[in-house]
Amino acid sequence: MQRSAFQIFFQTGAWTVIAFLVLPLLVVLPISFTDTSYIGLPKEGLSLQHYVNYFTDPKWLGATWTSVWIGVVVATCATVLGTAFAIGCWFLSDRASSIARWVLITPILVPPVVQSLGFYRFWVVLGLIDTHVGVILAHTLLALPYVSISVFAALTNLDRNIPRAARSLGASVMQTVWAVVVPAAKPGIATGFIFAFIVSFDEIVGVLFITVRRVSTLPKMIWEGIQDNIDPTIAAVATVLVVITLVATAIGVMRKK
Amino acid sequence: MPRINEKVSYWMLVAPALAIMVIFYIVPVLGIWKIAFTEPETGVANFVAMAGSNAVKTSFIITFRVAAITTIGCLILGYIVAYAISNFASKFTPLMVALVILPFWVSVLIRSFSWIVLLGRSGIVNDTLKGAGLIDAPLRLMHNETGVLIAMIHVMLPFAILPMLTNMRGISGAYVQAARSLGASEWTAFRQVYFPQTMPGVMSGALLVFVLSLGFFVTPALLGGGRVLMISEYITYQIQEFLNWGLGSALSVALLIATALVLLIAARFVNLRSALLERK
């Protein structure tokens with residue numbers, strides 16, 4: 001088929017933009033193999049020294065582990081709370097529950113620095129500064145909107161007559177929720193869990209405000225590394241994370257097919 | 001069973017999440033308002049100081065300018081991608097969608113770091129251009145607004161593409177076909193028939209990108225190198241360097257109000273419910 005200039009413009013344009021979107025993610029790869037001790041392209045040959053540094057430095061490993069386990073705890077808390085919330089709102093579907101849903105998504109709209117100031121002052125009062133509990137609580141709040149949105153989206157396709165049938169056959173509200181609504185919401189719950197984990201795993205501004213020295217997460221280590229501006233270990237860490245993301249996305253695309 | 005009991009049990013599902021959000025989030029954010037009016041002393045002194053400061057004015061202008069340019073850039077680039085994905089079906093379409101979503105999963109911190117590596121004084125772009133003999137002295141691509149804008153557009157682009165994509169996928173091809181069969185050129189059919197139908201998606205994307213950009217901290221702070229002080233960074237300076245909680249909080253209140261105003265104005269053009277609450 002003959003393609004018009006119009007189509008050629010949009011098609012090449014789209015691929016150019018996608019290249020702009022994806023290629024910068026890959027620049028960390030060559031940098032991570034540099035044989036220099038500063039951030040730059042390899043000079044004489046490739047070197048694994050920065051990977052060795054990442055995988056042997058207790059500070060980097062400790063921060064990675066902290067981010068992972070905090071992420072899992074946050075994802076679990078946010079998924080349980082957010083799923084119950086979204087299911088309750090779905091049943092109610094009235095004005096009050098709609099307002100409740102708006103309240104729950106405020107963390108998406110409030111600028112990160114502003115909410116972090118709020119956290120800082122309140123956490124000082126509660127004695128949660130520089131504690132893991134403090135970080136988990138803050139991250140759970142930031143993750144809740146994403147769980148609530150994705151579970152609610154999954155429920156929009158559920159026929160309201162099905163839980164009604166369960167109720168009229170004698171199931172209690174909790175039995176209906178557990179046996180009928182939760183299974184229907186499963187895809188949304190899974191998405192919500194992943195979102196919540198990522199929100200916590202990547203969160204930086206809150207952590208900068210509410211932690212000092214005792215708690216160190218991976219983003220905080222990266223942030224401090226960029227400020228010092230010398231250590232190519234960041235590139236190795238970034239490469240590991242980008243490769244994990246690429247593999248996960250590839251698996252996701254394959255499974256859809 | 002009486003109906004009222006049923007409602008109570010649904011509210012019991014809603015209550016835990018709502019309660020911790022109100023107690024540990026809404027209350028602390030409202031606490032910022034209190035600080036703005038009470039520290040160091042009760043009154044509106046912080047707001048007077050804020051209104052009188054040229055640095056604050058400059059920072060607000062930079063913030064709105066960066067947010068506006070980022071939004072426009074994301075809309076133009078994003079529109080092209082969304083259009084191609086939803087109108088030219090091919091075996092590459094799923095790949096394109098996956099590549100659009102991919103950057104979402106890579107943290108903003110790492111994406112900003114990548115841009116530092118690319119745009120720095122002896123970054124990859126400058127080194128390549130110098131190696132090719134195109135420039136003698138390195139270009140200043142970072143620690144200025146150019147660098148911030150490039151990285152901001154990169155970070156925000158998926159937020160613009162996804163709502164437009166959702167919108168365009170719901171548009172029937174019949175209207176453009178009808179226009180074409182009535183003699184309209186491809187361009188005319190696009191401009192007069194297709195484009196107006198995509199406005200809801202464009203508006204949702206614009207709102208999302210603009211609101212997120214207004215309060216953005218990480219990318220401007222890293223790529224701006226202290227020279228592109230957007231409000232969020234200005235606030236952290238006031239608090240971390242000068243321990244000036246009063247002014248920092250007053251600025252936070254101003255930023256919150258600015259965000260709320262943008263949402264209020266946007267509500268006239270955008271269905272906020274579908275743009276924010278029922279986002280997919």
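The values are calculated or read from the model by the stated rules, or taken from the named source; none is laboratory data. Just so you know, these numbers come straight off a predicted model, no measurement behind them. In this analysis, Cβ positions are derived from the backbone assuming ideal geometry, glycine residues included, and neighbour counts consider all displayed protein chains.
When region A:74-99 is examined, which residues are found to be within 11 Å of residue B:10 (Cβ to Cβ) and in a helix (DSSP H, G or I)? Hits for region A:74-99 are A:84, A:85, A:87, A:88, A:89, A:90, A:91, A:92, A:96, A:97. The listed residues are B:228, B:176, and the only one of them that is in the same structural domain as residue B:267 (by TED's automatic domain parsing), among the hydrophobic types (A, V, I, L, M, F, W, C) and in contact with a Pro (Cβ under 8 Å, 6 or more places away or on another chain) turns out to be B:228. The condition of being out of contact with any His (no Cβ under 9 Å at 6 or more places or on another chain), within 24 Å of residue A:100 (Cα to Cα), in contact (Cβ under 8 Å) with a residue 40 or more places away in the chain and not assigned by TED's automatic domain parsing to the domain that holds residue B:251 holds for residue B:32. Looking at region B:117-126, which of its residues are more than 7 Å from chain A (Cβ to nearest Cβ) and either touching a residue at least 24 places away in the same chain (Cβ under 8 Å) or in a helix (DSSP H, G or I) (or both)? Those that are more than 7 Å from chain A (Cβ to nearest Cβ) and either touching a residue at least 24 places away in the same chain (Cβ under 8 Å) or in a helix (DSSP H, G or I) (or both): B:119, B:125, B:126. Take residue A:171 and tell me if it is closer than 30 Å to residue B:224 by Cα, surrounded by 16 or more Cβ atoms within 10 Å (Cβ to Cβ) and either over 21 Å from the mean Cα position of the chain (by Cα) or at pLDDT 95 or above (or both). Criteria not met by residue A:171. Looking across region B:223-280, the residues that are farther than 28 Å from residue A:148 by Cβ and not in a helix (DSSP H, G or I) come down to B:225, B:226, B:227, B:228, B:229, B:230, B:241, B:242, B:243, B:244.
The condition of being free of Cβ contacts under 8 Å to residues at least 12 places away in the same chain and on the phi > 0 side of the Ramachandran plot holds for residue A:93.
Just one of the listed residues (B:77, B:18) is within 10 Å of another protein chain (Cβ to nearest Cβ), assigned to a helix (DSSP H, G or I) and without any contact (Cβ under 8 Å) to a residue 60 or more places away in the chain, namely B:18. If you go through region A:196-247 and keep only what is outside any helix (DSSP H, G or I), at negative phi, within 11 Å of another protein chain (Cβ to nearest Cβ) and modelled with pLDDT under 95, you end up with just A:232.
Within region A:21-39, track down each residue that is part of a helix (DSSP H, G or I) and hydrophobic (A, V, I, L, M, F, W, C). Answer for region A:21-39, where residues must be part of a helix (DSSP H, G or I) and hydrophobic (A, V, I, L, M, F, W, C): A:21, A:22, A:23, A:25, A:26, A:28, A:29, A:31. The set of residues in region B:80-95 that are in a helix (DSSP H, G or I) and facing chain A (nearest Cβ under 9 Å) comprises B:80, B:81, B:82, B:83, B:84, B:85, B:87, B:94, B:95. So is residue A:86 crowded, with 22+ Cβ neighbours inside 10 Å, in contact with a Phe, Trp or Tyr (Cβ under 6 Å, 6 or more places away or on another chain), more than 30 Å from residue B:234 (Cβ to Cβ) and among the aliphatic types (A, V, I, L, M) or not? In short, yes. Taken together, the residues in region A:146-157 that are more than 8 Å from chain B (Cβ to nearest Cβ) and surrounded by fewer than 16 Cβ atoms within 10 Å (Cβ to Cβ) amount to 1. Name the residue that is farthest from residue A:146 (Cα to Cα), counting only residues in region A:80-107 that are among the aliphatic types (A, V, I, L, M) and at the interface with another protein chain (Cβ under 7 Å from one of its Cβ atoms). Only one residue fits best here, namely A:92. When the residues of region A:200-230 are filtered to those that are without any contact (Cβ under 8 Å) to a residue 60 or more places away in the chain and out of contact with any Lys or Arg (no Cβ under 8 Å at 6 or more places or on another chain), the one that is farthest from residue A:47 (Cα to Cα) is A:202.
The requirement of being β-branched (Val, Ile, Thr), crowded, with 18+ Cβ neighbours inside 10 Å and at pLDDT 95 or above is not satisfied by residue A:27. Among the residues of region A:203-251, those identified as among the small types (Gly, Ala, Ser) and over 22 Å from residue A:24 (Cα atoms) are A:206, A:216.
Looking across region A:120-142, the residues that are touching a helix residue (DSSP H, G or I) at 6+ places or on another chain (Cβ under 8 Å) and of a type in the set (Val, Ile, Thr) come down to A:129, A:135, A:136, A:140. If you check B:8, B:27 for being in a helix (DSSP H, G or I) and either in the same structural domain as residue B:251 (by TED's automatic domain parsing) or within 30 Å of residue B:233 (Cα to Cα) (or both), only one passes: B:27. Can you name the condition, by its number, that residue B:115 falls short on among (1) modelled with pLDDT of 90 or more; (2) surrounded by fewer than 19 Cβ atoms within 10 Å (Cβ to Cβ)? Exception for residue B:115: condition (2). Applying the set (1) assigned to a helix (DSSP H, G or I); (2) out of contact with any Ser or Thr (no Cβ under 9 Å at 6 or more places or on another chain); (3) among the hydrophobic types (A, V, I, L, M, F, W, C) to residue B:209 leaves exactly one unmet item: (2). Going through region B:28-62 one residue at a time, which ones are away from chain A (no Cβ under 14 Å) and touching an Asp or Glu at 6+ places or on another chain (Cβ under 9 Å)? Within region B:28-62, just B:62 meets the criteria. Consider region A:127-176. How many of its residues are within 30 Å of residue A:202 (Cβ to Cβ), hydroxyl-bearing (Ser, Thr, Tyr) and outside any helix (DSSP H, G or I)? The total comes to 2.
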